[in-house]
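Asker: One structure follows; several queries about it will come next.
Any read-out appearing in this document is the output of simple, stated calculations on the displayed coordinates, not a laboratory observation. From a predicted model like this one, the values you see are computed outputs, not experimental measurements. Neighbour counts run over all protein chains shown; Cβ positions are idealised from the backbone, glycine included.
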Amino acid sequence: MVIIPATTGQMGVLPGHVPTIAELKPGVLSVHEGNETKKYFLSSGFAFIHANSVADIIVVEAVQVDHIDPSLVQKGLAEFTQKLSSATTDLEKAEAQIGVDVHSALNSALTG
Amino acid sequence: MAMAALRREGRRFANPLLSPRPITAVRPSLFSEEDGPTGFRNISTQVVRNRMKSVKNIQKITKAMKMVAASKLRAIQVRAENSRGLWQPFTALLGDTPSVDVKKNVIVTISSDKGLCGGINSTSVKTSKALHKLVSGPDKETKYVILGEKAKAILIRDSKQDIEISITELQKNPLNYTQVSVLADDILKNVEFDALRIIFNKFQSVVSFLPTMATVLSPEVVERESESGGQIGDLDAYEIEGGETKGEILQNLAEFQFSCVMFNAVLENACSEQGARMSAMDSSSRNAGEMLDRLTLTYNRTRQASITTELIEIISGASALEG
Amino acid sequence: MASNAAVPFWRAAGMTYITYSNICANLVRNCLKEPHKTEAINREKVHFSISKWEGGKPQRPSLFDLIHLKHELGWENCSLNVIME
């Protein structure tokens, strides 16, 4: 089973899932194989679940959760929260918003 | 080019030397020992020796270039093969739809910046031109987006009115996804299209490359085709998660698809480039080797001929004294 | 553009999906431990030159590199050693 971070929420995928196209948000992908669970942090991308029980997940950057540095995450989160409040243009706001989104996702990946 | 010129010159030098009557044999025997016969002989062998030296140097260069290409190929081949995993899911989902008929076509021709790599650049240009002919027609618009100096140099001759964007200096650093996606983004922002047709050389093995076309449709065309049950009718079977509307997802999907397909195409082409360069340099080294063999033969023959002549002179001189 | 219904905030601000996903990836790469971080950051060196053509003539080419990108995308947290190649 895999659990993928769709924009609509966490989505568990088992063999025989309905064919789906899901847009992914920054979050954790967990792959359960028997009793083993592997966790990866995905930046963003797409997942296609095909009718023949094959799921394709395409992402720009996927890293193992234990490669993430918690102190850098905290620093980034604080930095972008501050930037969001001081942003003036739409573009700046959007960039800061992405920053906050990604870092909170990273944060919850580490704590959760 | 340089090789061909040298080879022609090589023959020009070699022919008189290979003629049945060697120059040394017809030299006037009246000359004194210092400036006559020996000087003459030395000059003729000197020319061949110089030629041999330069051929040897060229062979060294082509051998080195072959080695460089081989090591670059090894590095890039793994990445090209891995990157195939990026477009395969898209093809599984949307299918490969080269025959969808649309108004605005954009042909993305991928070539290399540097030469000496066989025919891969002319292949992709030829394929692009054939495609251009195929998809253009009344009230249709077809434009070129060119990657690499070499395709630009060829297409500028007869299709420069149709060139929309040209991109070069892509391979200064090792290719990476970020770079290609920024480039893809730039193409998307600057051209209007219904279908993007990417032409590149797909790497099969070191000696075989397939000119390949990958098609990326605009979200509108994807929606139209899937609704009318056209060539991508299967898409309706999929549920769409996330996003407010189907159009939005398709827009994101099309953009992401383009950058992924471009990434693979650029890598495949770079891989083919190195492979082609490797085999081109291999045959150059072999040619240089053959030429060197011929020159060595000439050199030895000339040398032997002059020695024989000298011996004959000495012997006949001695026998004249005896008699 | 597709339908005019609600679009994600980043598209409303003029970004494309590619830009959005690159920014996300950049932020994730910046939060990695060493040595994974250096290795990942090496994968985002951008360098190419692009020229638009009008009426069969190329316009002045613009060079894309990280400095340019930082300006355009606001990637403030690209580390300096990446820019100075």
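Asker: Could you tell me whether the stretch A:33-74 comes out rounded, prolate or oblate from its Cα gyration tensor? Rule is a ≥ b ≥ c as square roots of the eigenvalues, rounded for a/c under 1.5, then prolate if a/b exceeds b/c, otherwise oblate. Intermediate values should be presented prior to the final figure.
Answerer: Working: a/c = 4.61, a/b = 1.66, b/c = 2.77.
Oblate shape, in that a/c is at least 1.5 and b/c is the bigger or equal ratio.
Asker: B:VAL102: net charge of surrounding residues, Cβ under 14 Å, Lys/Arg +1, Asp/Glu -1, itself excluded?
Answerer: Neighbourhood net charge equals -2.
Asker: Per-residue mean of other chain beta-carbon atoms within 10 angstrom of the beta-carbon, peptide A:72-83? Mind showing how you got there, number by number?
Answerer: Working: counts 6, 4, 1, 3, 5, 1, 0, 2, 2, 0, 0, 2.
The mean count of partner-chain Cβ atoms within 10 Å per residue comes to 2.
Asker: Across the residues of A:35-46, average count of Cβ atoms on other protein chains within 10 Å?
Answerer: Numbers: counts 0, 0, 0, 0, 0, 0, 3, 3, 10, 10, 7, 12.
Across A:35-46, the average partner-chain Cβ count within 10 Å equals 4.
Asker: What span do the alpha-carbon atoms of the stretch A:2-66 cover on each of the three principal axes, reported in whole Å from largest to smallest?
Answerer: 33, 27, 18
Asker: Of B:LYS189/C:LYS52; B:LYS150/C:LYS45; A:LYS39/B:LYS246; B:LYS172/B:LYS202; B:LYS129/B:LYS172; A:LYS25/C:LYS33, which ones are farther than 19 Å apart at the Cα? Present the calculation step by step, with values, prior to reporting the outcome.
Answerer: On the way: B:LYS189/C:LYS52 12 Å; B:LYS150/C:LYS45 23 Å; A:LYS39/B:LYS246 30 Å; B:LYS172/B:LYS202 21 Å; B:LYS129/B:LYS172 28 Å; A:LYS25/C:LYS33 22 Å.
Those over the limit are B:LYS150/C:LYS45; A:LYS39/B:LYS246; B:LYS172/B:LYS202; B:LYS129/B:LYS172; A:LYS25/C:LYS33.
Asker: Please report the Cα spread of the stretch A:68-111 along all three principal axes, rounded to whole Å, starting with the longest.
Answerer: Computed over the stretch A:68-111, the largest-to-smallest principal extents equal 32, 13, 12 Å.
Asker: Inside 10 Å of the C-beta atoms of A:64-70, what's the mean count of C-beta atoms belonging to other chains? Write down the numbers at each step before the final one.
Answerer: Values: counts 2, 0, 1, 8, 6, 7, 2.
The per-residue average across the peptide is 4.
Asker: Taking the Cα atoms of the stretch B:124-166, report the difference between the largest and smallest coordinate on each principal axis, in whole Å and largest first.
Answerer: 30, 18, 16
Asker: Take B:VAL102, A:VAL63 and order them by how many other Cβ atoms sit within 10 Å, fewest up front. Provide the component values of the computation, followed by the final result.
Answerer: Working: B:VAL102 18, A:VAL63 23.
Ordered by Cβ neighbours within 10 Å, fewest first: B:VAL102, A:VAL63.
Asker: Still on this model: Name the shape class, rounded, prolate or oblate, that the alpha-carbon gyration tensor gives for chain A, where a ≥ b ≥ c are the square roots of its eigenvalues, rounded holds for a/c under 1.5, and otherwise prolate holds if a/b is larger than b/c and oblate otherwise. Mind showing how you got there, number by number?
Answerer: Values: a/c = 3.28, a/b = 1.71, b/c = 1.92.
Here chain A falls in the oblate category.
Asker: Note the angle between two axes, namely the Cα long axis of helix A:90-111 and the longest principal axis of the Cα atoms of chain A, as a number of degrees from 0 to 90, rounded to the nearest 10.
Answerer: Here the helix axis deviates by roughly 60 degrees.
Asker: Also: Note down the net charge around B:TRP87, summing +1 for each Lys or Arg and -1 for each Asp or Glu among other residues with Cβ under 13 Å from its Cβ. If you can, show how the numbers build up before the last one.
Answerer: Values: positive: B:ARG84, B:LYS202; negative: A:ASP56, B:GLU81, B:ASP96, B:GLU268.
Once all neighbours under 13 Å are counted, the net charge is -2.
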